[in-house]
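Report on the structure given below.
The values are calculated or read from the model by the stated rules, or taken from the named source; none is laboratory data. From a predicted model like this one, the values you see are computed outputs, not experimental measurements. Because the Cβ atoms are built from the backbone with ideal geometry, glycine has one as well, and the counts that use them run over all protein chains shown.
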Amino acid sequence: MIPNKQLTKNFFLHEFLKSQTAERNPAIKEKQYSPSETILLNIQTVANSLQLIRNFWKLPMHITSGYRCPELNKAIGGSNTSAHTWGGAVDFEPLLKTGEEAGGEEYLKIAGWIIKNMVWDQLIFEYGTIECASWLHLGKIPPDKYPKERKQFLCIGNYTQGKYRNCRIENGRLIII
Ligand SMILES: [Zn+2]
């Protein structure tokens with residue numbers, strides 16, 4: 001297991017490794033907390049992006065899932081091609097200054113800002129409702145594919161019958177395409 005370390009002003013490595021499923025399974029935990037140097041570099045790139053978002057919005061961001069070793073990804077039923085498996089993605093919830101979870105307005109504003117201002121491959125408005133996601137997924141592309149970002153903005157939830165759909169933000173609302 002590698003020791004925790006500060007990646008950026010506000011984010012630490014273990015926030016990107018932490019997983020309740022891994023905590024309950026020692027074999028998965030050992031792998032999950034021992035990422036390779038390459039994966040660590042990818043996690044750093046994602047942490048840098050998340051720090052840019054945090055700096056602009058001046059809101060704390062709670063990471064719900066960062067890197068997932070293949071064993072963990074399998075255990076939680078994640079997609080084989082998920083950018084989480086090479087450290088290229090993060091799921092996060094913006095928090096209000098009071099520490100409560102942000103509302104739909106913040107989710108949509110932050111998603112809109114990412115689309116306009118950041119280098120990103122996939123942005124997913126995940127679960128919750130069409131007004132307010134439960135979390136945002138921000139995915140980068142592997143360094144060897146740079147700069148071929150797909151710039152896919154997707155949403156998934158009951159309102160899409162559990163399927164990924166393309167979407168856009170218009171007048172502060174999420175529109176499924
Ligand atoms: Zn994700």
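Every residue, every condition in (1) assigned to a helix (DSSP H, G or I); (2) closer than 18 Å to Leu138 by Cβ; (3) touching a strand residue (DSSP E or B) at 6+ places or on another chain (Cβ under 6 Å), yes or no:
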{"position": "Asn10", "(1), (2), (3)": "no, yes, no"}
{"position": "His14", "(1), (2), (3)": "yes, no, no"}
{"position": "Ser34", "(1), (2), (3)": "no, no, no"}
{"position": "Asn42", "(1), (2), (3)": "yes, yes, no"}
{"position": "Asn55", "(1), (2), (3)": "yes, yes, no"}
{"position": "Leu59", "(1), (2), (3)": "no, yes, yes"}
{"position": "Ile63", "(1), (2), (3)": "no, yes, yes"}
{"position": "Tyr67", "(1), (2), (3)": "no, yes, no"}
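Mind listing just one residue for me: the one in the range 22-44 that is surrounded by fewer than 16 Cβ atoms within 10 Å (Cβ to Cβ) and of a type in the set (Ser, Thr, Tyr) and, of those, nearest to Asp144 (Cα to Cα)?
It comes out as Thr38.
Can you pull out the residues in the range 49-94 that are β-branched (Val, Ile, Thr) and modelled with pLDDT under 95?
Ile76, Thr81, listed by residue number.
Just one of Lys97, Lys109 is more than 16 Å from the ligand (Cβ to nearest atom), at pLDDT 95 or above and farther than 14 Å from Leu154 by Cα; which is it? Reasoning before the result, please.
Details: Lys97 fails: at pLDDT 95 or above.
Being more than 16 Å from the ligand (Cβ to nearest atom), at pLDDT 95 or above and farther than 14 Å from Leu154 by Cα holds for just one of Lys97, Lys109, which is Lys109.
Which condition does Asp91 not pass, out of (1) more than 12 Å from the ligand (Cβ to nearest atom); (2) surrounded by fewer than 21 Cβ atoms within 10 Å (Cβ to Cβ), if it passes all the others?
It is condition (1) that Asp91 fails.
Give Glu106, Glu126 a once-over and let me know the one that is touching a Phe, Trp or Tyr at 6+ places or on another chain (Cβ under 7 Å) and under 16 Å from Met61 (Cβ atoms).
Every option except Glu126 fails the conditions.
So, of the residues in the range 143-177 that are surrounded by 15 or more Cβ atoms within 10 Å (Cβ to Cβ) and in contact (Cβ under 8 Å) with a residue 60 or more places away in the chain, which turns out to be farthest from Glu101 (Cα to Cα)?
It comes out as Ile169.
How do the pairs read when you match residues in the range 1-27 that are at pLDDT below 95 with residues anywhere that are among the aromatic types (Phe, Trp, Tyr), using Cβ under 8 Å and keeping only pairs 6 or more apart or on different chains?
Note: pairs meeting the criteria are Met1/Tyr33; Ile2/Tyr33.
Taking into account only those residues within the range 64-87 that are buried (at least 23 other Cβ atoms within 10 Å of the Cβ) and more than 10 Å from the ligand (Cβ to nearest atom), which is nearest to Gln32 (Cα to Cα)?
Filtering first and then ranking leaves Cys69.
Could you count how many residues in the range 93-121 are over 19 Å from Gly139 (Cα atoms) and touching a Cys at 6+ places or on another chain (Cβ under 7 Å)?
Total meeting the criteria: 2.
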